[in-house]
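First comes the structure, then the notes that go with it.
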Amino acid sequence: MTATERESADSPGGSDASHRRPLVLENAPFRRLLTAQSLSLVGDQIATIALTFLILRQGSDGAFKLSMILAAKVVALSVSSIFAGVLADRWSRRKVMMLADAVSIVAQGATALLVLTGQIDIIAICVLQALCGLAVGSFRPSSVGIVPVIVPQDRLLRANSLISASGNAANVLGPVVGGAVLGAFGTTAALIIDVATFVVSLTLIARLPDVQTPLRVAERARDSLRNGWTEVIRRPWLRWMLIYFSCFQFAVLSTQMVAGPIRMQESFHGATSWSYVVAALGIGTVLGSMLAPQLRPRRPLVVTLVSVLSFCLSHALLAVAGSIVVIAAGFAIAGVGLGIASVLWATTLQTQVPNDMLSRVSSYDWLTSTALRPVGLAITGLVVARWEPRAPLLIAVALLLVVTGAVLLSSSVRDVGRAREVPALDHA
């Protein structure tokens, strides 16, 4: 029994009273984690908007430079996530998250200093953003693994909904604030705000319970990696979904991150227009995250895959529509699909995978899901430089349709139900 479960059992009215109280109010550790993640996501969005349009102004090869910086960050995220998962299952998830926030503070602080002094060195920015990617990749497996420890099993779906909704609300607020800060104060101010959010996040994470898993520290890191991979390959549905998310990152997110801002720069009003589109996506994901707990589908992975298909609409409109309102509406619809898919996928992992393996499996999820994104970013940058941003967006639509259909053919994916219970870990 977790600490939260004990508090619920000891309270007047037992679990019924607990279910009547909002989860975010009754559970202090969960509230701190939720706030820390949301604040740092706001800062990330502000910094991303600022850096994107700073780099696009760096000459005719701005698109290629942007794709290289984004690729460096994603490569570091992918590589670090796998080792961070092992570290989280062997050491302390709280300490891993604290270390990740500290690295982000240093890396983004150094990036702000470069911009402030006018030294826009692309190689240096690539290195610093790779450090940021390393920090993000280290934080996420621990945050996924700690949720089912500080939240009771029967409230995981609600907890994941709150995490997704608050994170996506941050994705709405971030671009809007980023565009305003960028216009009023410049890139340096935007980066300093990002640093400040990581400082607050680090303070909040430091107050989480120091949860440790029962994994033997004597187990070699290589054995830990192998055991985590074994958990992945023994589940056909998990293998298929990791392949799917890898293709999604390669085709859909890569084109969105590079071709989207360039399309706004060429046909609309640059950073301001793109911030509206990203904000619309965020609003949609908030709505989807809030809707997900009401669905409780018998086949959550089928609903996940169908929900992600909404990106076919958003990318097609981004490629051909002449109205920013129409494009934003398409991204809002895609956001609803993404919000539903994110909640269902996180809950499926947490209820199908044992907790002492969860951070490692989550790290393989991040590794395989993001492994092809740097390739997609580089290819998109080259295609846009040679032709125009519409081409990779329409290709992404076609690939998403084909891959979704292929994964849905797997009975292992279609047959995953609302899941068995996995043991919860105790903590002091």
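You can think of it this way: the chain between Q58 and L116 has 19.3 nm of extra reach, that is 0.36 nm per residue less the Cα-Cα gap. With bins 5 Å wide beginning at 0, the percent of Cα pairs of segment 217-352 falling in each bin runs 2, 9, 17, 18, 15, 12, 10, 7, 5, 3, 1, 0, 0. Taking 0.36 nm per residue of sequence separation and removing the Cα-Cα distance, the R298/V200 pair yields an extension gain of 31.3 nm.
When every Cα-Cα distance of segment 327-421 is counted in 10 angstrom steps from zero, the calculated P(r) takes the values 12, 31, 37, 16, 4, 0 percent.
Here each label is just a point 7 Å from Cα along the line to Cβ, and for A316 and R414 those points are 2.4 nm apart. For the chain, the relative contact order works out to 27 percent when only alpha carbon pairs closer than 8 Å and six or more residues apart are counted. With kT/(6 pi eta Rh) evaluated at 37 °C and eta = 0.692 mPa s, and Rh the Kirkwood radius from Cα pairs, segment 278-370 diffuses with a coefficient of 233 µm²/s according to Stokes-Einstein. In the chain, the longest principal axis of the Cα atoms and the axis of helix 156-184 are about 30 degrees apart. Computed from the Cα positions only, the extents of the chain along the three principal axes stand at 62, 48, 44 Å, in decreasing order.
Rounded to the nearest 10 degrees, what's the angle between the helix 93-116 long axis and the longest principal axis of the chain, both from Cα atoms, 0 to 90? Result, in degrees: 20.
Taking the square roots of five times each eigenvalue of the Cα gyration tensor of segment 129-288, the equivalent ellipsoid has semi-axes of 34, 21, 17 Å, listed largest first. For the chain, adding -39500 (n - 2.57) for each run of n ≥ 4 DSSP H residues and dividing by the number of residues yields -27000 deg cm²/dmol at 222 nm.
Along the positive direction of the dipole of the chain (beta-carbon charges: Lys, Arg +1; Asp, Glu -1; about the Cα centre), which of L313, F30, G228 reaches farthest? Looking along the dipole axis, the top candidate is G228. Residues in segment 165-189, backbone N under 18 Å from the label point at A124 (7 Å along the Cα-to-beta-carbon vector): list them, ranges by number please. Answer for segment 165-189: 187-189.
Coordinate-derived values only; no laboratory data. These numbers come from a predicted model, not from an experiment. All Cβ positions, even for glycine, are placed from backbone atoms using ideal geometry, and neighbour counts span all protein chains on display.
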